[in-house]
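**Student:** Got a structure for you, written out below as structure tokens; questions coming shortly.
The values are calculated or read from the model by the stated rules, or taken from the named source; none is laboratory data. The structure presented is a predicted model; accordingly, all values stated were derived computationally and were not measured. When we count neighbours, we look across all protein chains shown, and the Cβ atoms used for this are built from the backbone with ideal geometry, even at glycine.
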Amino acid sequence: MQLHYAPGGRRSVTDAPNLTATSKPAIDGLVDAGIVPNDTDQHVTEHMPVIHPGPGTRRLWLEVTPTEAE
């Protein structure tokens with residue numbers, strides 16, 4: 001799982017680790033929704049958030065890439 005953030009040119013955001021405080025509740029929501037059994041390393045691999053600078057619409061999204069269970 002990886003959080004993506006496009007600030008839309010409104011301000012300069014260059015510190016991706018600061019976004020991990022946002023990705024944790026998003027992953028918890030996937031657990032609450034039953035999409036993943038829990039957020040342990042066995043079920044979730046979280047990648048560093050990605051910042052998409054430049055003009056455009058301000059948005060935030062979580063990319064989920066499913067894999068087969070071992």
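**Student:** Tell me which residues, restricted to the stretch 9-45, are in contact (Cβ under 8 Å) with a residue 24 or more places away in the chain, surrounded by fewer than 15 Cβ atoms within 10 Å (Cβ to Cβ) and of a type outside the set (A, V, I, L, M).
**Tutor:** Once the filter is applied, which keeps residues that are in contact (Cβ under 8 Å) with a residue 24 or more places away in the chain, surrounded by fewer than 15 Cβ atoms within 10 Å (Cβ to Cβ) and of a type outside the set (A, V, I, L, M), the stretch 9-45 yields G9, R10, S12, T14, P17, T20, T22, T45.
**Student:** Can you find a residue that is over 11 Å from the mean Cα position of the chain (by Cα), hydrophobic (A, V, I, L, M, F, W, C) and modelled with pLDDT of 90 or more anywhere in the stretch 46-59? Even if it seems obvious, please write down each step before you answer.
**Tutor:** Filtering the stretch 46-59 for residues over 11 Å from the mean Cα position of the chain (by Cα) gives 52-59.
With hydrophobic (A, V, I, L, M, F, W, C) added as a condition, the list becomes none.
No.
**Student:** Restricting attention to the stretch 1-50, which residues are assigned to a helix (DSSP H, G or I) and touching a helix residue (DSSP H, G or I) at 6+ places or on another chain (Cβ under 9 Å)? So that I can check it myself, show each step before the final result.
**Tutor:** Of the residues in the stretch 1-50, the ones assigned to a helix (DSSP H, G or I) are 16-32.
None - no residue of the stretch 1-50 is assigned to a helix (DSSP H, G or I) and touching a helix residue (DSSP H, G or I) at 6+ places or on another chain (Cβ under 9 Å), so the list stays empty.
**Student:** Also, I was wondering about something else. Out of everything in the stretch 1-15 that is out of contact with any Ser or Thr (no Cβ under 6 Å at 6 or more places or on another chain) and under 25 Å from D39 (Cβ atoms), what residue ends up being modelled with the lowest pLDDT?
**Tutor:** Here is the first cut: in the stretch 1-15, the ones out of contact with any Ser or Thr (no Cβ under 6 Å at 6 or more places or on another chain) are 1-2, 4-7, 9-15.
Restricting the remaining residues to those that are under 25 Å from D39 (Cβ atoms) gives 1-2, 4-6, 13, 15.
Values: M1: 93, Q2: 94, H4: 94, Y5: 92, A6: 92, V13: 67, D15: 85.
So, considering only residues that are out of contact with any Ser or Thr (no Cβ under 6 Å at 6 or more places or on another chain) and under 25 Å from D39 (Cβ atoms), the one modelled with the lowest pLDDT is V13.
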